[in-house]
1. Can you tell me which of (1) surrounded by fewer than 18 Cβ atoms within 10 Å (Cβ to Cβ); (2) touching a residue at least 60 places away in the same chain (Cβ under 8 Å); (3) in a helix (DSSP H, G or I) is the one residue 359 doesn't meet?
2. I'd like the residue in the stretch 31-46 that is surrounded by 18 or more Cβ atoms within 10 Å (Cβ to Cβ) and within 41 Å of the chain's Cα centre (by Cα) and, out of all such residues, is farthest from residue 63 (Cα to Cα).
3. So which of 52, 78, 34 is assigned by TED's automatic domain parsing to the domain that holds residue 105, within 15 Å of residue 108 (Cβ to Cβ) and in contact with a helix residue (DSSP H, G or I) (Cβ under 9 Å, 6 or more places away or on another chain)?
4. Any residue in the stretch 118-130 that is over 30 Å from residue 22 (Cα atoms), at pLDDT below 80, out of contact with any strand residue (DSSP E or B) (no Cβ under 9 Å at 6 or more places or on another chain) and surrounded by 11 or more Cβ atoms within 10 Å (Cβ to Cβ)?
5. Looking only at the stretch 25-49, which residues are touching a strand residue (DSSP E or B) at 6+ places or on another chain (Cβ under 7 Å) and closer than 15 Å to residue 116 by Cα?
6. For the stretch 324-356, enumerate the residues that are outside any helix (DSSP H, G or I) and under 27 Å from residue 456 (Cα atoms).
7. So if I check each of 196, 151, which one is over 23 Å from the mean Cα position of the chain (by Cα), more than 30 Å from residue 23 (Cα to Cα), surrounded by 13 or more Cβ atoms within 10 Å (Cβ to Cβ) and modelled with pLDDT of 85 or more?
8. Could you list, in sequence order, all residues of the stretch 64-82 that are under 18 Å from residue 114 (Cβ atoms) and out of contact with any strand residue (DSSP E or B) (no Cβ under 7 Å at 6 or more places or on another chain)?
C-alpha cells in the first residue's frame with residue numbers, strides 16, 4: 001500500500017496553495033481544508049493515506065485533530081506543521097501519535113523526504129498485515145484438517161516431518177480428500193511462512209495457456225501479448241507452488257518442469273534470459289502416476305523428481321470414524337460464518353452418514369451438510385434431510401455387495417459357455433463391464449469427461465481412448 005491521497009489543513013491560503021501545487025505535480029490527489037473542523041468532516045467522508053496538519057488552526061487545533069484521528073482513523077498517517085520549532089511542540093505531537101513533524105518555513109524537499117519515508121512505512125505496515133493474515137490462516141488451517149482416525153494420524157506424522165524441510169512432496173488421493181489443505185499446511189508450517197503460497201490446477205487451464213501461466217511471457221511472444229507478464233514460478237519466488245492435478249500436465253511441459261526442478265531457473269515464453277527462482281514444489285494427483293509412466297503418459301524422470309516424499313490421503317470411507325468430527329466442524333462453521341441456526345444430527349442420521357460410501361469424499365460430505373442445514377426447518381437433522389443419499393449406497397447388513405452381485409451374474413453367464421474353449425475370457429469380461437460402467441459415470445457427470453476420469457480414477461486421455469474403442473455414443477440423451 002502506497003500513499004495516494006493527501007489531506008492538507010492550514011488556515012493560511014498561501015500554504016494550502018503551495019502544497020496543493022507541489023503535491024499534485026508529483027501525482028498525489030490532494031484535498032484542502034481551511035481549519036480543523038473542515039478537515040475532520042473530510043476525513044469522515046473520504047479516505048486519505050496521509051494528513052498534513054498545521055498545529056494552530058481556528059476551532060479544532062492540529063494537535064486536537066491528531067488525537068481525534070488516532071481514535072477514529074488509527075491507520076491514517078499524520079504530519080504536523082508548526083511555526084514554533086520548540087521541543088514542547090515536537091514532543092507533544094509525537095506523543096499524540098504523529099508520524100513526523102516539520103517546522104515553518106520549510107523546504108518542499110524536506111516534506112518530500114518525509115512522504116517518501118511514510119511510503120516505505122506503509123509498505124512495511126502492509127507486509128506486517130499480510131504476515132498477520134497468513135499466521136491467522138495458519139492457525140485456522142490446524143482446525144480445517146479434521147481427523148483423529150489412524151489413517152489421518154499417519155498423515156500428520158509425515159506432514160510434521162516433511163514441513164520444516166525443503167523437499168518436493170507428492171500428495172496422492174481421490175478427489176475431495178483435501179490435498180490442497182495438506183499442501184497449505186506444509187507451507188504454513190515451513191520456514192517459507194510469510195512468503196507466497198500459490199496454487200495452480202493443471203487440469204483446469206487449457207494446455208496452450210498453461211506454459212505462460214507457469215513461466216510467464218515476454219511482450220510480443222504471441223498474439224495478444226502486449227506486455228511482459230510474470231508466471232507462477234516468479235510470483236511464488238521464495239515460497240511454495242502447489243501444482244494440482246499434475247498428471248494432466250502435457251508431456252512437452254513436463255520436460256520444462258523437470259528442468260526447473262533440476263536447474264532452479266526458468267525462461268519466460270518468448271524470452272531468452274534465464275531467471276533464477278527459489279520455489280518449493282508440492283504436487284498432487286488423484287491418478288496413478290506409476291500407471292501413467294508405464295503408458296508413456298507421464299515422464300518417469302519427472303515422477304521420481306516429484307515423488308521425493310509421498311503423502312497418500314485416505315478416502316473418507318477409509319476413515320468413517322472422522323465423520324462425526326467433520327460434521328460437527330461443518331455445522332459450527334455454517335453457524336459462525338453464515339449465521340445458520342445451530343444444527344445437530346440425530347444418531348440415525350450419523351449412522352446413515354457413516355454408512356454412505358462418499359465417492360466425492362470430504363467435499364461431498366461438506367456439500368451434503370450445507371444443503372441439509374440450509375434447507376431443514378428443524379434444529380435436529382434427520383435422515384429425511386439427506387434425500388440425495390440413496391438407500392442402497394448407505395448399505396445395511398442385509399445388502400448384497402457389488403462383488404457378490406457381479407460374481408452371481410458371472411456364474412450365471414459362464415455356466416452357459418464352454419469356458420475351456422475360450423482364450424480371451426479376461427478381456428471379454430472387462431470389455432463388457434467397462435462399457436456400462438463408463439456409460440453410467442458419463443451419464444452421472446452429464447458428459448463431463450474431466451470429472452468422469454476423476455471418478456473412474458483414470459487419465460482423461462485414457463478415458464477418451466476407451467470411449468473410442470468401446471464405441472460409446474456421447475451424443476445420446
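The values are calculated or read from the model by the stated rules, or taken from the named source; none is laboratory data. Nothing here was measured: the structure is a model prediction, and the numbers come from that model. When we count neighbours, we look across all protein chains shown, and the Cβ atoms used for this are built from the backbone with ideal geometry, even at glycine.
1. Only one criterion in (1) surrounded by fewer than 18 Cβ atoms within 10 Å (Cβ to Cβ); (2) touching a residue at least 60 places away in the same chain (Cβ under 8 Å); (3) in a helix (DSSP H, G or I) is unmet by residue 359, namely (3).
2. 31
3. Of the residues listed, the single one that is assigned by TED's automatic domain parsing to the domain that holds residue 105, within 15 Å of residue 108 (Cβ to Cβ) and in contact with a helix residue (DSSP H, G or I) (Cβ under 9 Å, 6 or more places away or on another chain) is 52.
4. Within the stretch 118-130 (the criterion being over 30 Å from residue 22 (Cα atoms), at pLDDT below 80, out of contact with any strand residue (DSSP E or B) (no Cβ under 9 Å at 6 or more places or on another chain) and surrounded by 11 or more Cβ atoms within 10 Å (Cβ to Cβ)), the answer is yes, since at least one residue qualifies.
5. Within the stretch 25-49, 28, 49 qualify.
6. The one that is outside any helix (DSSP H, G or I) and under 27 Å from residue 456 (Cα atoms): 356.
7. 151
8. 75
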